[in-house]
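The structure's right below; bear with me while I get my questions together.
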Amino acid sequence: MNRMTSLIHRMTTRIRYAMRRLGMPRRWLITYLLLIVLPSTILLYAYYKHSTTVLEEEVSDSMLQTMKQAGINLSYRFGYIRDIVNTVTMNRKLYEFLEEESNVSVAQQLEETKEIRDVVRNVQSNADVSRLRLFVKSTNMLASEHINFFSLDSLQNWPYYRKVLDANGGIVWTSIYQVSYIDRGEESILSVARMLHDSRQYNQVAAILVLDVPEKLVMDILSEIDLTKQKKVYIVDSDGKVMAHTDRSLIGIRLSDELAGVIARGTDGKEKLQLDKQDEYIVYSTIETTGWKVVAQVPASEISARVKLNQVAGIATLVGILMLFFVLVFALLAVIVRSMNRRIDKVIRAIRQEGIEWLDGNPAPEGDFMLLERSVDVLIHRVHSLMEQTYEAQVLEREAQLRALQAQINPHFLYNTLDTINWMAIGHNVHDISQMIDALAKYFRLSLNKGRDKMTVEDELTLAQVYLDIQKSRFLNSFDYRIETDPNVMTCIVPKLTLQPLVENALLHGIRKMKNKQGMIRITASRQEGFLILTVSDDGIGMEGERARLLLVEPVRELQTDGLGSSYGLNNVNERIKLFAGESSGLSICSSPGEGTTVTIRIKLNVQEHS
């Protein structure tokens, strides 16, 4: 005790000595203690008292965000499964198979069976699908197959059978359960079921489609929810029935009314409850696709342990920051006081030595505050200047927008006008004009493409065909054309106006520059080694190889004097293709003088098919 008293006395003596050396008045020290040290100590105490509640709220909010993310992940996965079911149920071949007449030939039955098996095989190739099962009428030839096809009567004892019928074509989700496949044995799955109506007798059941999903799809997401060690994570439906649980023995049970009531209060939330004489946090989030909720029960004691750990670290950090703050403020105050003392001492000595006139003839030198004042003044002028420039830029931008709006053409007005001219031509029995106007309307509709930058190969070919039909009306008996396509590539996506510039070049700068101004244009579309191949060939005048090479690397615009318009270099189309599908895609030209020209477009399929 005496040693502690002696230590405090020595520290007090050293502080007083330091204060005297710094020249700090006692009232400054008292002000420092009252305005800085005392309020900081009170705030630290208040922080300590309320930190537990604040940290518990932060931890529970963090758990809620985790649950929301889990709900989003599950909703995405379930939505993908739902889309698969919708795709299958919209398959025309499926309904032809289900409504097959008894008098249909065996060959036709086998063909339809092969097609429906292909549908099933495509669905089951997805990693998120365990099996597709169809429960069909017992009269169907595949009803006793027992792998993918079963008799509808065998489903009547299924717990969800009545619910599927009551849904009247709506999707029904099941909880996780065990199923025994004849070829793979027992597996844990959850299923998506839908009743299919007989299109000829809508009130009759044609079949029930059951899509089995592996338990792993759900359990992987539930197991990734990292909250605490003793958490319980599960999924419940709108009735409070457990559909999936990390403890499989609890699947199928119903939650207590109190717990179910809490979960049913909102879309997402958290609440602290006492369950089985233990405080627990209930955190839940809605799975939008199914209307289910993913729920986590976390013991409050675990959260308290995490809070205490964070609290100790937080308080230690805060104390350290406050101590550093106290030291820095004290040091700064001491420096300011010493500087002021030196300045005052200098003024007092000057007054004593030279008199009061010294102050009038020697103004205080400019320091940091004067520099700051001048800097702020410059900054204000700079801000005013920038504001004026911004205002002028906004005015110019607005004027540009107005000019752009004034320059726009209303496509509907254009189509209606062309349609009116078309009917006037028909009314006057001028069918050639009517055909020309109709082709022109199709050309504009396809080329505008509702403002979109991409279109299918089918539309692109149609646009090229319409363009050639218009030109055939313009240049009678001048040329002919042929379009050869692979049906499998018609739905592929390409940049808009990919073929039309090539067709225009082939006609205007290939065939029309020949002496007889006659020739053939050939367009093809096919698939080769993972690429979409489009070619435009003509038997026109052709060109030198160096000239063809330059067309792909240099922007060229040649003004024409023969009334045929202008020819833009093919590098524009080439660059658009590369930007769309990558450097492995693009154009190539094969041409020789007098032997015509062939332009080939290569577009990588795995890029453009998903664009």
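Each reported figure results from applying straightforward, stated rules to the coordinates on display, with no laboratory input. Just so we're clear, the structure is a prediction, and the values are computed from it rather than from any experiment. Here Cβ is always computed from backbone atoms with ideal geometry, including for glycine, and neighbour counts include all displayed protein chains.
Could you calculate, for region 59-206, the ratio of the Cα radius of gyration to the Kirkwood radius, expressed as Rg to Rh?
1.03
Still on this structure, I have one more. Cα extents of region 452-608 along the three principal axes, largest first, in whole Å?
Extents along the principal axes: 44, 31, 28 Å.
How much FRET efficiency would the formula 1/(1 + (r/R0)^6) give for GLN69 and ASP183, where r is the Cβ-Cβ distance and R0 is 25 Å, rounded to 0.05?
In this case the efficiency is close to 0.10.
Further question: Excluding residues on the same chain fewer than 8 positions from LYS114, give the lysines whose Cα lies under 26 Å from its Cα.
Counting by Cα, and skipping residues close in sequence, LYS114 has these lysines nearby: LYS93, LYS137.
May I pose another question? Apply the Karplus parameterisation 6.51 cos²θ - 1.76 cosθ + 1.60, with θ equal to phi minus 60°, to every residue of region 472-487 and state each ³J(HN,Hα) to the nearest whole Hz, in sequence, with x for glycine and proline.
5, 5, 7, 10, 4, 6, 9, 8, 9, 9, 9, 10, 10, 9, 8, x
Along its principal axes, what span do the Cα atoms of region 197-298 show, with the longest given first and each in whole Å?
Rounded to whole Å, the extents work out to 59, 27, 23 Å.
Follow-up. Within the set of other residues whose C-beta is less than 10 Å from the C-beta of GLN230, count the net charge using Lys and Arg as +1 and Asp and Glu as -1.
+1
Run the numbers for MET323 and ASN429: contour at 0.36 nm per residue of separation, minus the present Cα-Cα distance, in nm.
The MET323-ASN429 span can extend by a further 28.3 nm.
With 10 angstrom as the radius, rank ARG131, ARG527 by how many other C-beta atoms surround their C-beta, starting from the fewest.
ARG527, ARG131
Between MET387 and ASP480, what length in nm is gained on full extension when 0.36 nm per residue of separation is reduced by their alpha carbon distance?
27.2 nm
For SER473 and LYS93, what is the calculated FRET efficiency with R₀ set at 45 Å and r taken between the beta-carbons, to the nearest 0.05?
Result of the calculation: an efficiency of 0.60.
To one decimal place, what orientation-averaged projected area in nm² is obtained for the convex hull of the Cα set of region 143-185?
For region 143-185, the mean projected area of the Cα convex hull comes to 3.7 nm².
Quick one: if the Förster radius is 56 Å, what FRET efficiency do ILE147 and VAL553 give, using the C-beta to C-beta distance and rounding to 0.05?
About 0.45, to the nearest 0.05.
Shifting gears a bit: Averaging sequence separations of C-alpha pairs under 8 Å and six or more residues apart, then dividing by the length of region 452-608, give the relative contact order as a whole percent.
Rounded, it is 23 percent for region 452-608.
For region 224-284, take the convex hull of the Cα atoms, compute a quarter of its surface area, and give me that in nm², please.
4.4 nm²
Roughly how many nanometres apart are two label points built 7 Å out from the Cα toward the Cβ at THR246 and GLU544?
The two pseudo-label positions are separated by 7.7 nm.
So, one more: Can you tell me which of 590-603, 530-543 comes out highest on packing, and rank the rest after it, using the mean Cβ neighbours within 10 Å?
Averaged packing, sorted descending, gives the order 530-543, 590-603.
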